[in-house]
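Heads up, the thing below is written out as structure tokens.
The values are calculated or read from the model by the stated rules, or taken from the named source; none is laboratory data. None of these values were measured; they are calculated from a predicted model. Cβ sites come from the backbone with ideal geometry, for glycine too, and all protein chains shown count toward neighbours.
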There are 4 protein chains.
Amino acid sequence: MKKVCLVIGAGAGIGGNVGKKFAKEGYHAALCRRSDKDGLQRLVSKIEADGGSASGHLLNAVEEDAIEDCVANIESGIGPIEVALYNLGAQIGSRSLEDTPYKTFELGWRMATFGLFRLAAAVCPLMELRGRGTILVTSATASVRGNAGQHSHAAAMGGRRMLCQTLNAEYAPKGVHIAHILVDGAVDAPDTLGKMLGPEAFLKLREARGLENDGLLLPEKMAETYFHIAHQHRSAWTHELDLRSFSDLAWWNHPP
Amino acid sequence: MKKVCLVIGAGAGIGGNVGKKFAKEGYHAALCRRSDKDGLQRLVSKIEADGGSASGHLLNAVEEDAIEDCVANIESGIGPIEVALYNLGAQIGSRSLEDTPYKTFELGWRMATFGLFRLAAAVCPLMELRGRGTILVTSATASVRGNAGQHSHAAAMGGRRMLCQTLNAEYAPKGVHIAHILVDGAVDAPDTLGKMLGPEAFLKLREARGLENDGLLLPEKMAETYFHIAHQHRSAWTHELDLRSFSDLAWWNHPP
Amino acid sequence: MKKVCLVIGAGAGIGGNVGKKFAKEGYHAALCRRSDKDGLQRLVSKIEADGGSASGHLLNAVEEDAIEDCVANIESGIGPIEVALYNLGAQIGSRSLEDTPYKTFELGWRMATFGLFRLAAAVCPLMELRGRGTILVTSATASVRGNAGQHSHAAAMGGRRMLCQTLNAEYAPKGVHIAHILVDGAVDAPDTLGKMLGPEAFLKLREARGLENDGLLLPEKMAETYFHIAHQHRSAWTHELDLRSFSDLAWWNHPP
Amino acid sequence: MKKVCLVIGAGAGIGGNVGKKFAKEGYHAALCRRSDKDGLQRLVSKIEADGGSASGHLLNAVEEDAIEDCVANIESGIGPIEVALYNLGAQIGSRSLEDTPYKTFELGWRMATFGLFRLAAAVCPLMELRGRGTILVTSATASVRGNAGQHSHAAAMGGRRMLCQTLNAEYAPKGVHIAHILVDGAVDAPDTLGKMLGPEAFLKLREARGLENDGLLLPEKMAETYFHIAHQHRSAWTHELDLRSFSDLAWWNHPP
């Protein structure tokens, strides 16, 4: 059985690139996403063509038992989940309070907070038994400050961050490493940012930021840090870190 | 029509005392709690005996339409809600991840995060029309850090705090004051702390802290600050503050 | 002997208005500032004309023994310092690293951090003996985040905030209340903001913000909260709070 | 000319191990410490014996021109400083306010805050010219919260953190990476922790934490993360991260 890196939320951005990186380093990458079976298969094929091991799993994370069954199937059929990346966002753009239906607010929580709780409930006991394991959590600026129009997103991400601290307090002493990775900036990800903005605006943003100048977060480079964090020696673990492009303002800085 | 101070979560602790204080200062106190009709009626009678105006409302905040109907009924039948206090906690004691069922985790969110969102969705538009209003939110240490055993509570309170910042960003410029009041310590509240600990342990804690030494947060005194915050001039509003007893360690301090 | 409210940094903004408020409520206001003897005397006369008690003290806070002697003289000649407000800022506008000489960086520390340490060293033991007392500290956004051009200011204010937490941890259990008041916005203060901007730009800012709309922090209104904090019951003390105008963005929010 | 990693504060703990790691990866390690010429020479010899390049520099960081001259000499005599580690602490154990002389308080600032400012003033313009460079700053829990007895340390470290944010805001867009590394726990460092505790207590602590269980932060392992941070691609830089042993409580958690 191969050691597995499970990615919940494996598109063409952070999730897919983390999967590639771990596969390159000898893990089986179990890649989960909600839709686009063809895109998922292409990602798996690309990894295999590069000599890696991967599998694709369509999974709607808000469906009952979806995460739980996925974890169980991988553990029994592929190998022990050594690293799990929870990479589902809940960004829905800017919505005023009056334009945020209850269902939207709840969906944000189901995706960004409850889904992570379910993943942790499924994998932490297994990792505890093995005395090791890592849960990497992609998080957002909204986990540390709320902005206008971010009711659903900020509430969900604020919950996510506090959940990570709780998991860390309970499971770190048992050998399970939880890391909250605050991605503070726009990621060069066609699947999420590209879809949210539309192809034209996305292209424009990429040009404005100057891709050759690395003005957007490049997921391939982010994956290097995800991998490093997952392989820190247990005497020196990082629980929280931020990531942003050199040319971007930190969330606490304003344009002059 | 009288100006109303609505209290969601009006027991014998913070909620009841804030109700009393606002009633004493000329507001109608609309007091809501889930159960104990007799206790609620006694609170109303006490306020009326002291010359104040109050009403009691049994309300299960997690029930569909309960908060929304309550707000609508008060606005049409009693008067404009000038101040709303969201005072529902979601503390369920220390529960390991494996002892935290999904239902428990979700209930924490329904009580501590979603309930506030629903209250805000109901009152903010009314306050915006009037160009003024205040939402006071009692919050907990778990809103700023997660501890072992606090999965449900910390995730819910972390969401609550980020939601408060979002509401503030959107509604402060419209004249609606949102305040996140971080209660960092044990409150001398028989309804909540007393019930959680049991009568004996509660008595013991009160004695250990030395009530004459004010070693627990006294809700009657806390109510003074709640009232002050609600009456700050709009040129100098407080969005976040903490409250603890002089003899208690701040959450970021450890015993030596 | 009258109970004294000592104000270090008593100009026409926060300091002077806090002095007035405490004098109105029965304290002797001992008002200290570095220069402008006439302005100081006018402030004292104004308070006395309103029936209050006050005295003016020219004091260069970075001079050896200046703060210490001032405290000793007031304690022996006027009365016990029940409340001390440390209101000296160290804002010098935006200066790049290369335009920040060592002397400037050090002066920021002497004004904003070391001066508070000296005040605390002088009054805390006296307050401890009396079993009560309050130190109010006006602080700035720079105490919680550093921006470009703020090398001196941010380093000094960051030190100030951590010093407040240390003082609180050591002296709160002894009955001494330390409060860190984060002023997150422009204050309508001709002595400081007015001088920094120059009279024309200051007038323009006041107009742009719409004084009738309370778009700047009004020091007279801020003083109400300073007074409230100093009179909280010891079972419910606030250690940290923020203050900003309703129409201003919190430091963690960006313009949309 | 070789690319240089400058270490200010190179003892047997973090500083020395970071030096070794960078030397192993091809940098010249310029190792600075205040005293113990023999120990410093042994460190240099060890690196050279392992095939690396290193030099030792005795330097009292609080002396006028010491840091500035050191930077200038290295740049002219050895090579461009690509990475600078500021690793001087200012922990002096627990001292009550009354047992903290002004000189002690000031020394903390000179070591922990001003020294970093001086280093930055010396190297940032050089790094800006080259369009690249990294300043790694070892920081402490006291940079984010003050505890009783930590007046000097907390004020100095709070200033250090805000200075790092200011430097980051100003220099990141110019290609200079500043990282604030919050070391939240006891480091297995005989030079600092060992000296502070005394040899017996240090040995006892090592045993209690179970070195075989990695209960203290192992500097050799920490150095891996220091190196990784310094080599992140500029599209994905970390500005703040924490490091602690898996078995240690985070600063915001209390023992149950």
* **All positions within the range D:172-191 that are buried (at least 24 other Cβ atoms within 10 Å of the Cβ) and over 27 Å from D:Leu40 (Cα atoms)** => D:Val176
* Structure fact -> Taking the range C:201-219 and keeping residues modelled with pLDDT of 90 or more and either over 18 Å from C:Gly11 (Cα atoms) or of a type in the set (A, V, I, L, M, F, W, C) (or both) leaves C:Leu216, C:Leu217, C:Leu218
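The rows are residues; the columns are (1) buried (at least 22 other Cβ atoms within 10 Å of the Cβ); (2) of a type in the set (Asp, Glu); (3) closer than 22 Å to D:Leu107 by Cβ; (4) more than 11 Å from every other protein chain (Cβ to nearest Cβ).
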| position | (1), (2), (3), (4) |
| --- | --- |
| C:Gly108 | yes, no, yes, no |
| C:Ala120 | yes, no, yes, no |
| C:Glu128 | no, yes, no, no |
| C:Gly131 | no, no, no, no |
| C:Ile135 | yes, no, no, yes |
| C:Thr138 | yes, no, no, yes |
| C:Asn147 | yes, no, no, no |
* Filter result (surrounded by fewer than 21 Cβ atoms within 10 Å (Cβ to Cβ) and in contact with an Asp or Glu (Cβ under 9 Å, 6 or more places away or on another chain)) within the range B:80-96 -> B:Ser96
* Residues within the range D:169-191 that are in a helix (DSSP H, G or I), facing another protein chain (nearest Cβ under 7 Å) and closer than 18 Å to D:Leu119 by Cβ, tallied -> 3
* Structure fact -> Filter the range B:15-39 for residues that are over 25 Å from B:Leu126 (Cα atoms) and touching a helix residue (DSSP H, G or I) at 6+ places or on another chain (Cβ under 9 Å); the one that is surrounded by the most Cβ atoms within 10 Å (Cβ to Cβ) is B:Asn17
* To do: Give me a count of the residues in the range A:131-146 that are in a loop (DSSP other than H, G, I, E, B) and in contact (Cβ under 8 Å) with a residue 24 or more places away in the chain.
  => 4
* To do: Those residues that are surrounded by 13 or more Cβ atoms within 10 Å (Cβ to Cβ), under 18 Å from the mean Cα position of the chain (by Cα) and in contact (Cβ under 8 Å) with a residue 24 or more places away in the chain, I need them from the range B:51-79; list them, please.
  => B:Ala54, B:Ser55, B:Gly56, B:His57, B:Leu58, B:Leu59, B:Ala61, B:Val62, B:Ile67, B:Glu68, B:Cys70, B:Val71
* What's the number of the condition C:His254 fails, among (1) more than 8 Å from every other protein chain (Cβ to nearest Cβ); (2) at pLDDT below 95; (3) surrounded by fewer than 19 Cβ atoms within 10 Å (Cβ to Cβ)? -> (1)
* Restricting attention to helices (runs of 4 or more DSSP H) lying wholly within the range D:6-82, give those where 3 or more residues are charged (D, E, K, R) and farther than 18 Å from D:Met222 by Cα. => D:37-49, D:66-77
* Structure fact -> Only one of D:Thr113, D:Thr104, D:Thr100 is on the phi < 0 side of the Ramachandran plot, in contact with a Ser or Thr (Cβ under 8 Å, 6 or more places away or on another chain) and at the interface with another protein chain (Cβ under 10 Å from one of its Cβ atoms), namely D:Thr100
* To do: Please give the number of the condition A:Arg161 fails out of (1) within 14 Å of chain B (Cβ to nearest Cβ); (2) in a strand (DSSP E or B); (3) of a type outside the set (A, V, I, L, M, F, W, C).
  => (2)
* Determine if the range D:216-233 includes at least one residue that is outside any helix (DSSP H, G or I), farther than 16 Å from A:Gln232 by Cα and either within 14 Å of chain C (Cβ to nearest Cβ) or without any contact (Cβ under 8 Å) to a residue 12 or more places away in the chain (or both). => yes
* **Answer from B:Ala121, B:Ala112, B:Ala90 - the residue that is within 22 Å of B:Thr166 (Cβ to Cβ) and modelled with pLDDT under 95** => B:Ala90
* **Hey, D:Gly194 surrounded by fewer than 24 Cβ atoms within 10 Å (Cβ to Cβ), more than 14 Å from chain C (Cβ to nearest Cβ) and assigned to a loop (DSSP other than H, G, I, E, B) or not** => no
* Is it the case that some residue within the range A:98-110 is touching a helix residue (DSSP H, G or I) at 6+ places or on another chain (Cβ under 8 Å), over 21 Å from B:Pro101 (Cβ atoms) and not in a helix (DSSP H, G or I)? -> yes
